[in-house]
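Below is one structure, written out as C-alpha cells; comments come after it.
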Amino acid sequence: MKFFSSKNRPVHLGPYPLERLERSSNPLIFEESFETVQNEAENPDHQIYAQVADVYLDIIDQWQEGSVAEEMAPIKADGHDLTRQMKAACYFMDASMVGACEIPDEAWLTQNYEGKKHKNVFVILVEFYKEIEENNLAHTWIKGAQFKRASLRAAEIAITVAGYIRNLGWSAKSHSSNKTDLNHSLLTLHSGLGRLEHGKVVNPFLGTAFGTALVSCDMPIKADLSLVENHSKKERDWRFYWGKDGAFPQRERNRLNQRPSHWSRYPMETIKKVSQPTTLILEDEVPRVPKRAAFFERARKGDLGERTQTERSRFALKHPFTMGMAPMLRGLVKHQDGTITKTKTQGTENPEHNAKAIKSLSYFLNSDLTGICEAKRFAWFSHDDDGKPIEIKHPHAVVMLIDQGYETMEGASGDDWISGAQSMRGYLRGAIIAGQMAELIRRLGFSARVHSNLDSQVLHIPLILFSGLGELSRIGELVLNPFVGPRFKSIVITTNIPLEYDQPIDFGLQDMCRKCLKCARECPCQAISWGDTVMFNGYEMWKPDVERCTRYRVTNPKGSACGRCMKTCPYNHEGLLIHDLFLKMAIQFPFTRKLIADLDDKVGNGRINPVKKWWYDLEWVDGKAVKPKGVNQRELDLKKNMEPDKQPIAYYFADQMPPPLHPDPLPVDRKKAIAAKELLETPLQARKRKLEHKPTPDHYLTLSSK
Ligand code: SF4
Ligand code: SF4
C-alpha cells in the first residue's frame, strides 16, 4: 500500500527516483577493467527454468529487427520529447529503469555490423525477483536463473520499443543478453544507470540484481549523464523509502518481498472464500459453444457487415506502438503446445505442493494474480475455428491475470489511441509467461497447453471465476478482481499435472454493482446493462449487448479498441492507503457501497490525468503512422439518464449462434435477438424451475447439440 500518490509523476520518470541521482558531465574514463556480463557466476544452465528461458529468448530474439515504416510519422518532436516518449513506453511495459546515451565506439562488439550506423541507444533494466523459499518445489526450478529471467523480460520490452521506433520511421534494433552487438555493461554506465564498483557495474538502487536489454537506433535522443563516482547517501533517503516523489516506495517493495512467494502482491488471502461463485451458474445447462459463435469471430467472418469485417484484423493494432508487439504476439501462438518429456520428474505427485510451486513460478515470471481450478466441461469451446470438435484434454486450469497498467489507463480515456496497446501488452506478457510455464510443465513430464487471446480452446471467464480471482461484474462478461478491478487481461494453461484448486471468492461485488452503475453510464455505446441480472445460457449475469460492444471496439473511429468500462470502474485505482480502506469498508459494511461509488465520482476518478499521457495520437495505416481523424477525450457523463426499460439489449441465446463451420458471413438477426428478451428468466425463476425438475429451455441449446 502506498501513502503518497504518483498522480503528478510523469510516466517517463519511472518507478525509481533516478532524477535525484547525482550526475556528471565529464566523459567516462575507465582505469580498471570490469566484467562485461553481470552475474555470470550463477551458471544455472542445468536448472530447468534456465533452459526454458533460453528457449524463449531464442524465440523472441528472432524479432530483434524489422522493416522501417515507409514514411516518417507526422510528429514534430525533438530528441528530448522522443527520449521521454520512449522511456515512458518502456515503463508502460514495466521496465524497472531506462537510460539513454550515445553509443561510444568501444561499445560495439562486432566490427562489421551494418547496424553500427545507429548512434544512440536506450538501456533497459529489469530487476531480479525475490527468491523462492527452499521448501517450495519451484526453488530448484528457478535456482540461479534470476539473470536469465530479468534479461528475457528486458528483451520483451526492447523488441516492442524497437518495433515502435521503426514504425515511427527510424531504424532500430533490439539486443538481448544472449544475442547482442553491444556491450551492455559499458552502456549501462554511459546511460547513467550504474557505477563501476570493484570491477562490477552496480546500480544505485538494485546493486547488481538486474538484467538488461538494449535498443540501438538512429532516432535523435537526449542523452542521460553518467553517475558521479563519489555520491552522497541522499539517493536512498527517507523519500526513496516512502515514495515521496511519487516513485514506488522502497518500504512497499520490502513488504512485498516478505510475502510468501506463492502469494500474489495483492492480499487475496484476506478475501472471503466461498464454495460456489456469487452468481448462479446452472452447470448442466451451460452449453458448450463453437469458437465461430464468439462475437470477434463473427466480426471476422463478416456476420456484422463489411466495415466491421475489414476493421477486425487491425482494430487493436491500430497504433504504431501496438504494431511493435504484433510479430511477437502472432509468432508465439505456435509455441502454445509442445512435446512432453517421457519420464515424469520425481516429487511432482502432490497436488498441494505442485499448486504452490506453479503459483510461485507464475509470480516469478510476472503474473499479477494466479488461481487454479477445474477446467470445467462448459469452459471448453465445442468446436475449433475449422469446425473440428475440441477434445477436453486436461482436467485442470491455471489462470493468470496480467494488469493492464494503472498509470497509462489514468492518462487515457479508455477508448483513445493507446487503448488497444493496453490490451495487447497484457496479452503479450501473458503469452510469454504462460508459454514458459507450459514448456516447464511439459519438461516435468506432464501435458500442458496455453490458451491465449489469439488461440484458445477455452472460455476464460468461467475459469477466472472458479479459480477465485474475482466475481462477475455489471460490465457483464467480465470478472472483476477486488484489487485490480477489471483492469487486466487473462491467460490460461490447461494441464494434467496434479494440482490443488482454489475456491471462488465473495467481496460483496454483486451488491456494489447493483448500487454503482458507473461503467454502464460511461460506456460510449450503452452496451452495459442498466437493469438487473438475468439468466443467460445457464449463467446469472448483467447481460451486456456484446454485439454492440464488439461493433464499437472494432470500428471505433477515434481510437483503437475500447476499455472505458475498466478505466472508470471505482475498483480501478492507484492502490493508496485510502483505497485499501475503502475496499475494506465496502466489504465489511454494505451500506457504505453507494457512498463509495458516489465519492469516486466526486473526487474525479475516471477522468483523464494529462500528466500521465505519454504517447502520440497516431494511427497505423498501410505501413505508416498517420495523424488520426480524431481522438476520444471523454469527461465523466454524470447526468446520463439510464432507464432500464428503454435500453435495447440483443440476447443471442445458444440457438441463435452460428454452426461450428460456416466460413461465409451469416448476418446477425438483431431484431430477433432484442425480442429474445421475452425468453429471459430471472435467477429466482431459474432456481424454481430446477427445483421443479423442469427441462432446460430450448434456446440454451446450440444448433449442433439439438
Ligand atoms: Fe462499453 Fe467499451 Fe466496455 Fe464495450 S469495452 S462495454 S464498448 S465501455
Ligand atoms: Fe460494478 Fe461500478 Fe465497477 Fe460497473 S463500475 S463493474 S457497476 S463497481
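Regarding residue 457, is this residue closer than 30 Å to residue 552 by Cβ, within 16 Å of ligand 1 (Cβ to nearest atom) and touching a strand residue (DSSP E or B) at 6+ places or on another chain (Cβ under 9 Å)?
The answer is no for residue 457.
Let me spell it out: the conditions are (1) in contact (Cβ under 8 Å) with a residue 60 or more places away in the chain; (2) open to solvent by 10 Å² or more (accessible area, probe 1.4 Å); (3) of a type outside the set (Phe, Trp, Tyr); (4) more than 15 Å from residue 467 (Cβ to Cβ), and residue 420 meets all of them except one. Which number is the exception?
If we test residue 420 against (1) in contact (Cβ under 8 Å) with a residue 60 or more places away in the chain; (2) open to solvent by 10 Å² or more (accessible area, probe 1.4 Å); (3) of a type outside the set (Phe, Trp, Tyr); (4) more than 15 Å from residue 467 (Cβ to Cβ), just (2) comes out false.
Where residues in the range 16-50 are touching a strand residue (DSSP E or B) at 6+ places or on another chain (Cβ under 8 Å) and modelled with pLDDT of 95 or more, which of them is farthest from residue 364 (Cα to Cα)?
Across the range 16-50, the extreme among qualifying residues is 18.
Name the residues in the range 120-146 that are open to solvent by 10 Å² or more (accessible area, probe 1.4 Å) and under 30 Å from residue 171 (Cβ atoms), would you?
120, 127
Are there helices (runs of 4 or more DSSP H) fully within the range 227-315 with at least 3 residues that are under 26 Å from residue 132 (Cβ atoms) and open to solvent by 30 Å² or more (accessible area, probe 1.4 Å)? List them. Give the derivation first.
Details: elements: 238-242, 250-258, 295-301, 306-312.
Ranges flagged: 250-258.
Return yes or no: is residue 612 open to solvent by less than 30 Å² (accessible area, probe 1.4 Å), within 29 Å of residue 321 (Cβ to Cβ) and basic (Lys, Arg)? Can you show your working first?
Details: open to solvent by less than 30 Å² (accessible area, probe 1.4 Å): yes; within 29 Å of residue 321 (Cβ to Cβ): yes; basic (Lys, Arg): yes.
Yes; evaluated as a whole, the condition is true for this residue.
Take the range 573-587 and flag every residue that is within 16 Å of ligand 2 (Cβ to nearest atom) and assigned to a helix (DSSP H, G or I).
Across the range 573-587, the qualifying residues are 579, 582, 583, 584, 585, 586, 587.
In the range 621-634, which residues are assigned to a loop (DSSP other than H, G, I, E, B) and under 25 Å from the mean Cα position of the chain (by Cα)?
631, 632, 633, 634, listed by residue number.
If we scan the range 152-170, do we find a residue that is closer than 21 Å to residue 224 by Cα, over 21 Å from the mean Cα position of the chain (by Cα), crowded, with 24+ Cβ neighbours inside 10 Å and at pLDDT 95 or above?
Within the range 152-170, one or more residues are closer than 21 Å to residue 224 by Cα, over 21 Å from the mean Cα position of the chain (by Cα), crowded, with 24+ Cβ neighbours inside 10 Å and at pLDDT 95 or above.
Need the failing condition index for residue 104 against (1) more than 30 Å from residue 259 (Cβ to Cβ); (2) modelled with pLDDT under 95; (3) open to solvent by 40 Å² or more (accessible area, probe 1.4 Å), just the number.
All conditions pass for residue 104, except number (3).
So residue 574 ticks every box in (1) within 16 Å of ligand 1 (Cβ to nearest atom); (2) touching a Ser or Thr at 6+ places or on another chain (Cβ under 9 Å); (3) among the charged types (D, E, K, R); (4) closer than 28 Å to residue 321 by Cα but one. Which box is left unticked?
(1)
Determine whether the range 489-509 contains at least one residue that is open to solvent by less than 10 Å² (accessible area, probe 1.4 Å) and within 15 Å of ligand 1 (Cβ to nearest atom).
No, the conditions are met nowhere in the range 489-509.
Starting from residues that are among the β-branched types (Val, Ile, Thr) and buried (at least 24 other Cβ atoms within 10 Å of the Cβ), keep the ones in the range 387-401 and report whichever is farthest from ligand 1 (Cβ to nearest atom). Break it down into steps so the answer makes sense when it comes.
Residues of the range 387-401 among the β-branched types (Val, Ile, Thr): 390, 392, 398-399.
Filter again for buried (at least 24 other Cβ atoms within 10 Å of the Cβ), leaving 398-399.
Values: 398: 26, 399: 21 Å.
By that ranking, first place goes to 398.
Among the residues of the range 678-702, which ones are part of a helix (DSSP H, G or I) and open to solvent by 90 Å² or more (accessible area, probe 1.4 Å)?
678, 684, 685, 687, 688, 691, 698
Being within 15 Å of ligand 2 (Cβ to nearest atom), in contact (Cβ under 8 Å) with a residue 60 or more places away in the chain and open to solvent by 50 Å² or more (accessible area, probe 1.4 Å) narrows it down to one residue among 570, 644; which is it?
None of the other options fit; the residue is 644.
Does residue 400 satisfy the condition of being of a type in the set (A, V, I, L, M, F, W, C), under 24 Å from residue 497 (Cβ atoms) and in contact (Cβ under 8 Å) with a residue 40 or more places away in the chain?
Judged against the criteria, residue 400 is a match.
Select from the range 647-664 the residues that are assigned to a loop (DSSP other than H, G, I, E, B) and open to solvent by less than 70 Å² (accessible area, probe 1.4 Å) and list them in ascending order.
647, 648, 649, 650, 651, 652, 653, 657, 658, 659, 660, 662
The values are calculated or read from the model by the stated rules, or taken from the named source; none is laboratory data. Small disclaimer: the values here were computed from a predicted structure and weren't measured. Because the Cβ atoms are built from the backbone with ideal geometry, glycine has one as well, and the counts that use them run over all protein chains shown. The accessibility values were calculated without ligands, DNA or RNA, using every heavy atom of the protein model including side chains. Shrake-Rupley method; radii C 1.70, N 1.55, O 1.52, S 1.80 Å.
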